[in-house]
Structure formats: C-alpha cells, structure tokens
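Just so it is clear, none of the values below were taken in a lab; they were calculated from the coordinates. Not measured: the values here are computed from a predicted model. Using ideal geometry, Cβ is built from the backbone for each residue, glycine included, and neighbour counts are taken over all protein chains shown.
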Amino acid sequence: MKQIALDIGLSSGPTIHNFCAGPNEAALKHIELWLGSSASASIRSPVPTYLWGTHGSGKTHLLKAAREGLREQGGRVGWLDPTQQTPVEFDDQWAAVLMDDVHHYNAALQHTAFSWFVQAQSLQRPVLAAGELAPAELALRDDLRTRLGWGHIFRLQLLSEPERRAVLRQAADARGVFLGDDVMDFMLTRFSRDLGHLMELLELLDGYSLQTKRAITIPMIKSMMENS
C-alpha cells in the first residue's frame, strides 16, 4: 500500500523526554549528559558530537531537543540546515553550534559550517551535528568532514516494528485512547512509519475523535483524511 506522509507539526516539539530511544539509548544518554544544566555550561565538553543514521532514526529530534534544552537554560545557539539560503554570521554569544542534515550541504553551506566549526572550537563551544552517512562517507570538503569525524560518533537505528507498536500503545494509553490492532495495522501500513509522524498522527486522531465524538476506527481515520 502507498504510505501517506502528513505535513503536520509537533505541538509540543521534540524534547529529550519525548524521544523514544529503543536501540539508541547510548546516544540519548550522551545528549542528556551533554545538556547537563545551566550551572555546568561553563564546563560543557567542547569535543564535537556527530549523529548519523537513516531518515527517521531520530537525528533531527535529538538536535532540536538539544536546542530546546539549551534555550531553557537561557542559552542561544547557532543552527544550520540545508533550508537556509543565507546563514547568519557566527555569534560568539552562542552556547553551542548545531548542524543538521550535513550530507545535503552545498559548497556555500560547507563554507559556513567550517567557519562556524573553527570559531566554535576557538571559543571552546561544542558542536552537535547530524547526517545520514558516517563521517568518512560524507561528500563534503575534507577539512569539514575531518572535524565532523574526530569527536563522539553515534550511529542511530530505526525502531523495530514491535518497538514502534509498543511506543504507540504507550502513548495512546497515556492519552486514554484505545487503538485496536486493526487500527494499529492501518496506521503502520498506510502512513509514514517514521515515529515522529506516527506520534503526530496519534495526536490528530485524538483531537478528531474528541471533536466528532467518535471512537478511533479505520472509517473514522478515512473520514478525517477526507475532511482534512
């Protein structure tokens, strides 16, 4: 069956607390330690961290969770991703530099990333980056690829289907929502299996169920899709 990817956003946003680690517990623990607290900001390790893995493995979630965690501590961060046409200049007040989807950086973004990297290191500010490929396989300029690969490196893996089902079941139970096995099968075959999309879908289903006063069934889901 054709899978449907929903163009919807997380209402609460990615955080450390709503990251479902599964086989990626080591990476989660590292980011938790990396964030520390505002009191430990001055001793946060400047050694860079690189997360890599296939789409949907949680890389961007962890980067955005780290950004949110630093903001909660009152820290400003530099953020770089392929959607930025004109990146800002490096700010020496940044608490850290975060770079997402580095495998898609064009020449201009690679130049910016390398410049930010050098300046961050000179100020002992940490760099947290993510991409779909291991550092050695990145088609980037040598000096940037080398810097991305010399620190902490974590490979993220997709959750297995039983793990995705368990996470969905737990999230549904927390909302007081019942998902029958047929509904779960429908969600996993007709929609993107990316866990972030599935959690967003659950939120939409819960809201639509409350609005229409209907239980979550396959016909209800189809009705929601037709009326969206």
- For helix 181-190, what angle does its Cα long axis make with the longest principal axis of the chain, in degrees from 0 to 90 and rounded to 10? 50 degrees
- Helix 25-35 versus the longest principal axis of the chain: what angle, 0 to 90°, nearest 10, using Cα atoms? 60 degrees
- Item | Nitroxide proxy distance, nm - points 7 Å out along Cα→Cβ at LYS222 and LEU133 | 4.4 nm
- Message: Compute the helix-to-body angle for 161-175: its Cα long axis versus the longest principal axis of the chain, expressed 0 to 90° and rounded to tens.
- Response: 70 degrees
- Please compute the Cα-Cα pair-distance distribution of the range 161-227 with 10 Å bins starting at 0, giving whole percents from short to long. 21, 63, 16, 0
- Note on the structure: Taking the reciprocal of mean 1/r across every pair of different Cα atoms in the chain, the Kirkwood radius in Å is 19.1 Å
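Test of the criteria: in the range 59-150, which GluC sites (Glu not before Pro) are in a DSSP loop and have at most 12 other Cβ atoms within 10 angstrom of their Cβ?
GLU89
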- How high is the relative contact order of the chain, in percent, counting Cα pairs under 8 Å that sit 6 or more residues apart? 26 percent
- Message: Given a 10 angstrom Cα cut-off, can you work out which residue in ALA27, ALA136, ALA95 is the most mobile in a GNM of the chain?
- Response: ALA136
- Query: Out of LEU98, LEU128, LEU140, any idea which swings most in a Gaussian network model of the chain, alpha carbons joined below 10 Å?
  - Reply: LEU140
- When Lys and Arg each count +1 and Asp and Glu each count -1, what net charge do the other residues less than 14 Å away from LYS59, Cβ to Cβ, add up to? -2
- Query: Scanning the chain for chymotrypsin sites (Phe, Trp or Tyr not before Pro) in DSSP loops with at most 14 other Cβ atoms within 10 Å, what's the longest stretch left with none?
  - Reply: 1-149
